[in-house]
Amino acid sequence: MDVSEIIIPGDTPGIEWRLPVIRFKGSDPAAPKVYIQAALHANELPGTALAHFFCGKLRQAESEGRIAGDITVVPQANPIGAAQSHFGELQGRFDLGSRTNFNRDFPLIAVGDRAELVDELDKCSAANRLKRQLIHMALGADLVLDLHCDDESLQYAYIDEAFWPEAADLATALDMEAVLLSDGESSAFEEAVGFAWKYEVPGERKAKLPGKLSVTVELRGRRDVYPDMAAKDAEGLLQFLIGRGVVGGRAAGDAAFSGPAVPLDNVEIIRAPEGGTVLFHRNIGEHVAEGDLLATIVTRPGFVEGDIDIRAPQDGLLLTRISDRLVRRRGDLMKIAADRPSKAARKAGTLED
């Protein structure tokens with residue numbers, strides 16, 4: 001195991017950020033190379049907990065000579081966001097300087113231009129320098145996992161259609177309850193990696209990328225940071241790498257992924273028509289039918305005539321739910337993975353900012 005740090009100078013004098021990087025050297029140059037990062041949104045920590053247990057398993061595998069492919073792990077990928085606290089609450093999703101999501105605006109390049117990402121880094125802001133360093137490391141791998149979480153959520157993943165159904169082995173290994181098939185039309189980290197591979201030859205787009213994978217894994221909700229969960233997820237990730245020939249060993253079981261795998265167009269995002277106190281009637285993991293009562297918005301406490309009932313627009317699996325109980329007008333309440341496309345218009349790219 002090799003441990004190093006990438007130094008990122010701050011944008012004001014006297015500040016610098018340190019990005020720890022853990023590397024395990026493989027014995028087989030032909031084996032797939034792996035890059036795993038966690039907490040790109042700095043207050044999403046289930047992935048950091050997973051990485052902690054996962055590195056312990058890799059150290060044991062290394063001592064037994066079982067690591068075939070190079071593995072790079074970045075357990076806390078965003079030291080800038082981790083230092084952003086506003087009125088006592090960590091603000092890890094957006095860069096407070098630029099007001100940009102830390103998981104947006106990654107460079108969209110061909111993989112052959114990878115070296116240019118780290119040219120003249122001194123001309124970049126700290127946040128953009130971080131993004132360039134992260135994607136530069138990722139583009140040296142074949143299998144790229146970006147570990148996130150939602151608010152209150154089932155275990156699921158965003159997987160580009162270019163990697164599906166080959167990536168069903170990852171969904172199985174991590175006990176995912178759903179897969180959202182993305183269109184690869186954004187500048188989010190995992191889609192920027194996929195873009196670089198798809199356009200390896202400029203002007204020619206590859207529809208499928210066998211042997212490659214770039215995925216955003218949503219490890220349940222923000223508060224689901226427990227040792228038993230993290231250890232189970234770490235074992236699942238190890239099983240995935242064993243199955244892909246990155247780590248030596250016998251894979252446990254051959255069960256197939258049985259959850260829904262739906263395009264992003266089939267995701268119903270339920271929003272609050274008015275602000276108020278939200279009373280949820282259904283929980284994540286439940287299957288709902290069209291017309292089912294999902295939530296009630298109390299807009300005028302003490303006056304029931306101001307209550308607004310929110311009902312399911314179609315059948316589906318209730319995938320996520322917000323943890324806040326005071327909501328703003330048009331604020332997100334839930335996501336439902338449905339069988340049919342939503343009637344709501346959706347632009348290509350990510351579901352949310």
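Which is touching a residue at least 40 places away in the same chain (Cβ under 8 Å), out of contact with any strand residue (DSSP E or B) (no Cβ under 6 Å at 6 or more places or on another chain) and not aliphatic (A, V, I, L, M), of Gly10, Gly81?
Values: Gly10 fails: out of contact with any strand residue (DSSP E or B) (no Cβ under 6 Å at 6 or more places or on another chain).
After applying the criteria, what remains is Gly81.
Note on segment 180-202: residues that are in contact with a strand residue (DSSP E or B) (Cβ under 8 Å, 6 or more places away or on another chain) and in a helix (DSSP H, G or I) total 6.
Checking each residue in segment 313-353 for being charged (D, E, K, R), modelled with pLDDT of 95 or more and within 19 Å of the chain's Cα centre (by Cα) picks out Arg321, Asp332, Lys335. If you go through segment 17-75 and keep only what is under 14 Å from the mean Cα position of the chain (by Cα), outside any loop (DSSP other than H, G, I, E, B) and either of a type in the set (S, T, N, Q) or modelled with pLDDT under 95 (or both), you end up with Gln37, Thr48.
Might you check whether a residue that is at negative phi, at pLDDT below 95 and not basic (Lys, Arg) occurs anywhere in segment 103-118? Spell out the reasoning first.
Filtering segment 103-118 for residues at negative phi gives 103-104, 106-118.
Those left that are additionally at pLDDT below 95: none.
Looking for residues that are at negative phi, at pLDDT below 95 and not basic (Lys, Arg), one finds none in segment 103-118, hence no.
Are there any strands (runs of 3 or more DSSP E) wholly within segment 206-312 with 2 or more residues that are exposed (fewer than 13 other Cβ atoms within 10 Å of the Cβ) and modelled with pLDDT of 95 or more, and if so which?
Details: elements: 213-221, 261-263, 267-271, 276-280, 293-298, 307-311.
Per the criteria, no element qualifies.
Residues that are surrounded by 11 or more Cβ atoms within 10 Å (Cβ to Cβ) and in contact with a Lys or Arg (Cβ under 7 Å, 6 or more places away or on another chain) do occur in segment 319-326, at least one of them.
Taking the stated definitions as given, is Val179 under 19 Å from Arg132 (Cα atoms), among the β-branched types (Val, Ile, Thr), surrounded by 14 or more Cβ atoms within 10 Å (Cβ to Cβ) and in contact with a Phe, Trp or Tyr (Cβ under 9 Å, 6 or more places away or on another chain)? It would help to see each step written out before you state the result.
Numbers: under 19 Å from Arg132 (Cα atoms): no; among the β-branched types (Val, Ile, Thr): yes; surrounded by 14 or more Cβ atoms within 10 Å (Cβ to Cβ): yes; in contact with a Phe, Trp or Tyr (Cβ under 9 Å, 6 or more places away or on another chain): yes.
So Val179 does not fit the description; no.
The values are calculated or read from the model by the stated rules, or taken from the named source; none is laboratory data. Everything numeric here is computed off the predicted structure, so don't read it as measured data. Virtual Cβ from ideal backbone geometry, glycine too; neighbours counted across all protein chains shown.
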